[in-house]
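Everything on this sheet refers to the single structure shown next.
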Amino acid sequence: MKDFDEIKQLWHVQETSAGPLFKDVTKAVRETGKGYAQKLLVQTLSVAVVLIALLAIWIWVPFLTWTAHLSLLIISVCVGYYLTVQWRDYQRIKDSSALLGEPEKYLEYVKSYQASRYKLNTRNYLIYLCCISLAIGIYGIEMYFMMSTVVFCAYMAFTIAWIAACYFIFMKAYMKRENQRLQDIISQLEHIRKQFQ
Amino acid sequence: MSQNQRLFKELFEQNSRKIYHLCYGYTGDSDSANDLVQETFIKVWQNLDKFRNQSQLSTWIYRIAVNTCLTHLRGEKRKLTEELNDHLIENYTEESSEKQEQINLLYKCIAQLEENERIIITMVLDELPYPEIAEISGISEGNLRVKIHRIKQKLASIYNKYERF
């Protein structure tokens, strides 16, 4: 039979050579720094290029109907929204003040962050998808005057099929998977958080 | 080497061993523990400016390590706990001495504790002062003393149960 103090002696005889080396950690620090900056740069540039292309099309292409302008306005707002969300989330990840907080509060923060990501990836994405679909749909009015009836019908059929597939197949499956994942994470966070109360 | 780099190196040398123990005690797996130590020190580096003027730098490093550990396992948690015991034993079969076996057994016993108990007991084993443990874990000192007393008893009981076999 050993008491706690005898058990504690064992702790102090364990090998001390284990654990990562300083050079490995500094290498990881450098790589992480590059990764963050690169990811942000690539994502921001990609969205910015899309936004500039949209604005260029809007300015230089002479559209026949006001619905084409409305369509481009909706798409520009959607892309702008995406850019804002991306930037906000980056700032939120970069702000590590929550990480330095008490474990219970930190777990609460992670839980709320996961919940907000879920809302973004499901409800907000659905609104985003609806707006893009609406924009593509009303752009069809412009297409009607520019295309033959056969091509126009094919365009509309493809658009409707794409919207339906996005909503009824991809979106439903994605939301189900996300919800399951979120529930698992939140129940684990709750389980650990209660231990600190 | 810049002033920040020098400070970072100093912090690493002073704290990495204890942080490794904490992470190993929490995960029961040396690879995961290494990853967690690395992740902890990446966060330390990213927040180095916020550490300035803090009297107890080690407390802040521990807090980052604790928060990193708590949110690490997620999906793997259940599976890991089940596989942990076998893994710990297999890990050292080649060079196992009696002492090493006892240390492995100790980690195996720590793995039987609740998540917060694992964290608290590794800090107790590393002889961190109680006020520091209380500050790291966000638990009042009075409450912590009661918890530590219970965890010590629980750990000793688990250890002795295993040692009999």
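Please treat every number below as a calculation from the coordinates, not as lab data. Nothing here was measured: the structure is a model prediction, and the numbers come from that model. Quick reminder, even Gly has a Cβ in these numbers, built from the backbone with ideal geometry, and neighbours come from all protein chains shown.
From most to least packed by mean Cβ count within 10 Å, the peptides A:99-108, B:107-116 give B:107-116, A:99-108. Taking Cα atoms only, the orientation of helix A:22-60 departs from the longest principal axis of chain A by about 10 degrees.
Legend: mean number of C-beta atoms from other chains within 10 angstrom of residue C-beta atoms, peptide B:63-71, equals 6. Sorting A:47, B:44 by the number of Cβ atoms found within 10 Å of their own Cβ, with the fewest placed first, yields A:47, B:44.
For the pair residue A:52 and residue A:87, the difference between a 0.36 nm per residue extended length and the Cα-Cα distance amounts to 10.9 nm. Would you mind pulling out the separation of the Cα centroids of the range A:82-151 and the range B:3-46, in Å? One Cα centre to the other: 35 Å.
Counting only alpha carbon atoms, the long axis of helix A:149-164 and the longest principal axis of chain A meet at about 20°. For the residues of A:101-112, the average number of beta carbons from a partner chain within 10 Å of their own beta carbon is 4. Once backbone amide H atoms are built at 1.01 Å from N, residue B:139 has no partners under 5 Å, excluding neighbours fewer than 5 places away on the same chain. Per residue of peptide A:135-147, the mean number of Cβ atoms on other chains within 10 Å of the residue Cβ is 0.
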